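For reference, the structure discussed in these notes is given below.
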Amino acid sequence: MKNILTWSCMLLSLGNSYAIAQSSRPTPPTSKSTTNKTCIRWSGFTRQQLTNVDKCLRKHTDKQYVLRTRLTKARITKHNKHISQLIQQVSPQKSPTGLLLKAALAAMVGHEVPHTKRLFSALCRRKVTKAQQFKQRIICSYAAMMGSRLTRNTCTKGCKRSHHFPLRFASNSPMISVTINKKKTFPMLIDTGASTSVITTRTAKQLGIPLIPEQMYYVNSPGGLIKTYRALVDITMGSLHQVRVPVSIIDLPIGNIGGIISPQTTWEAFAVKIDFQRFSLTLSPRSFQEKAVVSMPWLFGGLNPVVFLSFGKRPERPFTLDTGAATTLFKESYERLGTPLPKKMVSKTLAAGKKSTTSWVTTSTLKISMPPIDWHLRNPLIMQEKDAQKYTDFKRFGLVGMDFLMGRVLILDPFKKALFLSSGASLPPWKKGDKATFLISGTTLTKNRHVVETVTARTKSTVTLKVELQLPNKTNTFFLLMNDNWKTRGSWLLSRQAVRAWDKKKKTISKREQIMKWLKVFMPFRVSTSTPKIESIQGSLHKKLRLSCSRVSLSVQTKKGPATLSIIECPKRPWRTMRLRLTHPKGSILWQYERQGFQVH
């Protein structure tokens, strides 16, 4: 089980790897009333404090503090008009370096803000402290990339109409095909946790994009600070064409993809709808008229969308809404704000720049309050925080990942300045009586085996499966009651997370007993430290139903030696795992678990 969970964590937090770093200091107690009290602490604040900050600033007599705070608020709310007005109050020559940094970071978020070039030029000539070098490098590398023109993400074709694209998935991560510089088409992850779009070092080399020293800077990843380079590229998706799209060039822990699309930055001129119910992406030059959604604050930390979350007696804090994170997780600093959660396993997660970080799997089920949405989170991860956090100024205390988002609709609407989310999740229908048959085969088995799974009961939140494992002299039958969610639907054999299991006589079966039933037909493996390969493929079921699928391949160790594990998933089906295959280096299939009637085209 540990190996399976380790794989499920491998794609975790890709987007968080590219976020411009955010602060990690614990929230000091708020001082009582003085004229010049701190109005808000970006290292930990609530929605109410953000609402009240302007009222507090009106009474403040420190003009520089007021200007710095208003610049930060305009930046995190992406308010272009306010950014432009505030920057005019900053003198590039006379203002202190701290204020120049705040103004320049805000100008990077704004669109064609006046005086930006003067601001960048003055800041990049300044001598700064060691603590300020991190932010200065972010700004000056951006200025070097943009050159004399500040326009970015410019649409040149298909700008005035909506565009609709199908989504594919690599494990829990949504993907789309993108052509870069009119040369080559790549699968790209769609990641709201990324502060900028990314191309891999390999992609940059294939396209002849140089690594320019003046465009080098550092970004924060779960494993710490990593060096990266900036570049401008053109991208094409269907009939939509954009030029001067800023990207970072980074080594990613996934092979065979071109990089990452940051939807909130790359498509900033469009309303973006990511539909995890119908598995589609829509870009529109006007607002969507979606009914079954609720409105959330238009708030960004490091250019990533932010929501406010709390549970139990822990205080409300900002979290990144991250389509690049497979699993919702808390940072260590948030766990420390309440009673420690029980932990059952340590997991290593691969991150950008060949870094890794440590996470702890908990055994808790939590009721999460994310106004106006309440939901339940099972077995959340707690992520270790690296020293890179000290370079940040807007603390986010974790990630809300695809385990929450799957089955919902997410809309980023710059015209209404709001983020919209479905209040409830709706996954592909899994009806009572639905059945799937799987064939288990391979050179390590003396005879092929069949597994038949039938849905025998459904509630709003659970599903009961009747499992029939056909052995030589008998059929082993048992029942699994599982929480019906995206993670459950992607599980298989001994990775099934059952709330309860029992046999035909209604006798309870322990988790150990469940595993023992499968060991007769299962080939154990251990995931190696390697770069997974992702492919978008087309398949069909029973020669009728066409499916858009993904195949993820990675190196593993088995009792027969090294092998390649490939997993094919098709997200539009409730049994989304269509095939698992262990292949010997010489090409023979050691072990395979495949849905009957499934074919790859």
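The values are calculated or read from the model by the stated rules, or taken from the named source; none is laboratory data. No experiment lies behind these values; they were computed from the predicted model shown. In this analysis, Cβ positions are derived from the backbone assuming ideal geometry, glycine residues included, and neighbour counts consider all displayed protein chains.
Within the option set S553, S548, being modelled with pLDDT of 90 or more and in a strand (DSSP E or B) holds for one residue only, S553. Out of V113, V90, one residue alone is over 19 Å from T265 (Cα atoms) and in a loop (DSSP other than H, G, I, E, B). It is V90.
If I ask for residues that are over 23 Å from L419 (Cβ atoms), buried (at least 16 other Cβ atoms within 10 Å of the Cβ) and not β-branched (V, I, T), which ones from the range 61-80 would you list? Of everything in the range 61-80, those that are over 23 Å from L419 (Cβ atoms), buried (at least 16 other Cβ atoms within 10 Å of the Cβ) and not β-branched (V, I, T) turn out to be L67, R68. Residue count for the range 286-332, restricted to those that are assigned to a strand (DSSP E or B) and either touching a helix residue (DSSP H, G or I) at 6+ places or on another chain (Cβ under 8 Å) or small (G, A, S) (or both): 11. Evaluating Q557 against the criteria (1) without any contact (Cβ under 8 Å) to a residue 12 or more places away in the chain; (2) farther than 27 Å from D484 by Cβ leaves one unmet condition, (1). One residue alone among Q538, Q470, Q514 is closer than 26 Å to W430 by Cα and in contact (Cβ under 8 Å) with a residue 60 or more places away in the chain, and that residue is Q538. Checking each residue in the range 198-217 for being in contact with an Asp or Glu (Cβ under 9 Å, 6 or more places away or on another chain) and under 12 Å from A231 (Cα atoms) picks out V198, T200, T201. Per the conditions (1) closer than 23 Å to L554 by Cβ; (2) within 22 Å of the chain's Cα centre (by Cα), the sole criterion not satisfied by P246 is (1).
Go through the residues of the range 336-348 one by one and say whether even a single one is outside the structural domain of R75 (by the TED database), touching a residue at least 60 places away in the same chain (Cβ under 8 Å) and in contact with a Leu (Cβ under 8 Å, 6 or more places away or on another chain). Yes: one or more hits.
Only one of the numbered conditions (1) within 30 Å of V272 (Cβ to Cβ); (2) part of a loop (DSSP other than H, G, I, E, B) is not met by T488, and that is (2). Output yes when any residue across the range 583-590 is surrounded by 15 or more Cβ atoms within 10 Å (Cβ to Cβ) and within 29 Å of R408 (Cβ to Cβ), and no when none is. No - not one qualifying residue is present in the range 583-590.
Residues in the range 414-462 that are within 29 Å of M523 (Cα to Cα), out of contact with any Leu (no Cβ under 8 Å at 6 or more places or on another chain) and assigned to a strand (DSSP E or B): K435, A436, T437, F438, L439, I440, S441, V452. Condition test on D393, is it under 30 Å from N80 (Cβ atoms) and out of contact with any His (no Cβ under 6 Å at 6 or more places or on another chain)? Here the answer is yes, as D393 does meet what is asked. Residues that are crowded, with 20+ Cβ neighbours inside 10 Å and farther than 22 Å from T320 by Cβ are absent from the range 265-274 altogether.
Screening the candidates E513, E594 for the property of being over 15 Å from S171 (Cβ atoms), assigned by the TED database to the domain that holds V463 and surrounded by fewer than 17 Cβ atoms within 10 Å (Cβ to Cβ) yields one hit, E513. Residues in the range 532-545 that are under 24 Å from P187 (Cα atoms) and surrounded by fewer than 16 Cβ atoms within 10 Å (Cβ to Cβ): I537, Q538, L545.
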